[in-house]
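The values are calculated or read from the model by the stated rules, or taken from the named source; none is laboratory data. Here the structure is a predicted model, which means the values were calculated and not measured. Cβ placement follows ideal geometry from the backbone for every residue including glycine, while neighbour counts extend to all protein chains displayed.
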Ligand SMILES: C[S@@+](CC[C@H](N)C(=O)[O-])C[C@H]1O[C@@H](n2cnc3c(N)ncnc32)[C@H](O)[C@@H]1O
């Protein structure tokens, strides 16, 4: 499938899949969305020093990169697992120049390692940050570990309805630790009902620029 680089409103870039008219991040600001939804309203709400994260959709590694930076800043440690069905080439991702948009030029070596490291192996990017990219399809993948935090960053429900189903919500619930949380940019009513029906406590928060709401769900 063709992917085109586009500029978003905060001057960071993302990828567009013209065939689906779907982007990897918000066109109203890719970088701002990642920092707000996944870091401010996700990572920073976990009251632990050692945090295990599961990400649905490694994509361009933007969420992994902003999490890495926050890990170093906050002097915490993170074990980051991220599943991806359609890995992108390192060259294509590096064209997006996330490092420059974020002012993270100092992480060039680390980010390159994140992108080019082998799949399905745990790699130490830094003594405080381990990354395991899992090549697979979330729908059939047997999740072996448990997590404190889930970054649910699939393409939207209009494009991939199955990934927002009750069945997948159950899978996410089952792999979360007690008091764990799930964050996503999506605020679709049906998705929130699916989360509630498997036992999550669901909170709607103000969304990133251009989106009225986002969702955070807790495992009681
Ligand atoms: C919104 S993008 C993720 C953006 C990414 N988190 C980032 O920081 O760049 C959604 C991702 O989910 C992946 N994906 C789609 N269907 C999938 C599936 N069934 N299992 C795993 N990954 C899938 C896509 O290839 C895409 O990379």
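Miscellaneous remarks
- Number of the condition not met by residue 21 [criteria: (1) surrounded by 19 or more Cβ atoms within 10 Å (Cβ to Cβ); (2) closer than 17 Å to residue 154 by Cα]: (1)
- Residue satisfying all of: in segment 2-12; more than 11 Å from the ligand (Cβ to nearest atom) and in contact with a strand residue (DSSP E or B) (Cβ under 8 Å, 6 or more places away or on another chain); farthest from residue 96 (Cα to Cα) among these: 2
- Enumeration of residues in segment 117-142 that are touching a helix residue (DSSP H, G or I) at 6+ places or on another chain (Cβ under 9 Å), in contact (Cβ under 8 Å) with a residue 40 or more places away in the chain, in a loop (DSSP other than H, G, I, E, B) and within 12 Å of the ligand (Cβ to nearest atom): 138, 141
- Count - residues of segment 20-72 that are assigned to a loop (DSSP other than H, G, I, E, B) and either in contact with a strand residue (DSSP E or B) (Cβ under 6 Å, 6 or more places away or on another chain) or more than 13 Å from the ligand (Cβ to nearest atom) (or both): 12
- Among all residues of segment 102-113, there is none that is modelled with pLDDT of 95 or more, closer than 30 Å to residue 188 by Cβ, assigned to a loop (DSSP other than H, G, I, E, B) and within 13 Å of the ligand (Cβ to nearest atom).
- Summed over segment 26-63, the residues that are under 21 Å from residue 180 (Cα atoms), touching a residue at least 40 places away in the same chain (Cβ under 8 Å) and more than 14 Å from the chain's Cα centre (by Cα) give a count of 4.
- For segment 152-169, the count of residues that are modelled with pLDDT of 95 or more, crowded, with 16+ Cβ neighbours inside 10 Å, within 18 Å of the chain's Cα centre (by Cα) and in a strand (DSSP E or B) is at least one.
- Annotation note: of 66, 78, the sole residue that is under 16 Å from the mean Cα position of the chain (by Cα) and without any contact (Cβ under 8 Å) to a residue 40 or more places away in the chain is 66.
- Residue match in segment 78-86 (condition: assigned to a helix (DSSP H, G or I) and under 24 Å from residue 160 (Cβ atoms)): no
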